[in-house]
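The values are calculated or read from the model by the stated rules, or taken from the named source; none is laboratory data. Being a predicted model, the structure only gives us computed values, none of them experimental. Here the Cβ positions follow ideal geometry from the backbone for every residue, glycine too, while neighbour counts run over all protein chains shown.
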Amino acid sequence: MDGDRYNWISRRAHQIWQQEGCPSGRDREHWLQAVSEFEGLEREDQGHFADHTKIEKVLVVEDEPLIRYAAVDALEQDGFDVLEAANADEALVLLQERSIDAVFTDINMPGSIDGLGLVSLVRARFPDARLIVTSGHVQLGHFDLPSGVSFLPKPYTFDALIKMLKIPRRLLSA
């Protein structure tokens with residue numbers, strides 16, 4: 001089960017549990033109901049989602065030039081409009097004049113703030129933006145990040161990154 005799917009199902013199962021007054025011994029039922037709801041949403045979407053949730057403009061923030069260039073190239077080949085920055089400070093300058101649909105950022109970077117600080121600032125300005133962080137130095141679990149922020153460990157495949165950008169927004173937040 002991939003991380004985004006697991007996160008959605010886990011949050012939904014917890015919501016169901018809370019709605020029913022936190023009963024004990026029914027975790028399996030809550031989990032199965034959440035899985036069923038997720039699968040229903042997937043069938044409805046059939047790989048498509050409404051235009052207002054489609055990711056078109058992506059900001060890639062990575063201090064390693066070769067990694068950044070490769071990510072930008074892969075995203076552009078898949079049809080995304082891509083902006084790039086070598087650190088969070090450059091990214092903030094770009095974001096003053098442009099809107100974005102998603103940010104893909106490394107966590108450890110030189111500059112006044114790191115990738116997680118950038119994610120917080122982007123969330124404040126673009127609350128609906130898809131946020132994905134990556135690192136080859138730290139491992140973050142699904143519950144180590146703010147809600148709606150995904151983690152993609154390095155080394156990653158560009159297919160995995162593209163898949164994360166194409167997951168319908170409503171499947172990420174229940």
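Quick check: is even one residue across region 33-55 out of contact with any Ser or Thr (no Cβ under 6 Å at 6 or more places or on another chain), of a type in the set (Lys, Arg) and either more than 30 Å from Gly136 (Cα to Cα) or modelled with pLDDT of 95 or more (or both)? Yes: one or more hits. Condition first: of a type in the set (Asp, Glu), assigned to a loop (DSSP other than H, G, I, E, B), at pLDDT 90 or above and not assigned by TED's automatic domain parsing to the domain that holds Phe38. Can you find one or more residues in region 124-131 that meet it? Within region 124-131 (the criterion being of a type in the set (Asp, Glu), assigned to a loop (DSSP other than H, G, I, E, B), at pLDDT 90 or above and not assigned by TED's automatic domain parsing to the domain that holds Phe38), the answer is no, since none of the residues qualifies.
When residues in region 62-85 are screened for being touching a strand residue (DSSP E or B) at 6+ places or on another chain (Cβ under 8 Å) and not in a helix (DSSP H, G or I), 9 of them pass. State the number of residues belonging to region 14-42 that are of a type in the set (A, V, I, L, M, F, W, C) and loosely packed, with under 12 Cβ neighbours inside 10 Å. Result for region 14-42: 1.
Criterion applied to Gly111, Gly136, Gly148 was being at negative phi and among the small types (Gly, Ala, Ser), and the one residue passing it is Gly136.
Scanning region 95-127 for residues that are surrounded by fewer than 20 Cβ atoms within 10 Å (Cβ to Cβ), touching a helix residue (DSSP H, G or I) at 6+ places or on another chain (Cβ under 8 Å) and of a type in the set (Asp, Glu) yields one hit, Asp114. The sole residue among Glu76, Glu62, Glu84 that is over 15 Å from the mean Cα position of the chain (by Cα), buried (at least 20 other Cβ atoms within 10 Å of the Cβ) and of a type in the set (D, E, K, R) is Glu62. Just for region 145-174: of the residues that are assigned to a loop (DSSP other than H, G, I, E, B) and modelled with pLDDT of 85 or more, which one is surrounded by the most Cβ atoms within 10 Å (Cβ to Cβ)? The selected residue is Tyr156.
Of everything listed in (1) touching a Gly at 6+ places or on another chain (Cβ under 8 Å); (2) among the acidic types (Asp, Glu); (3) within 22 Å of Tyr156 (Cβ to Cβ), the single unmet condition for Asp89 is (3).
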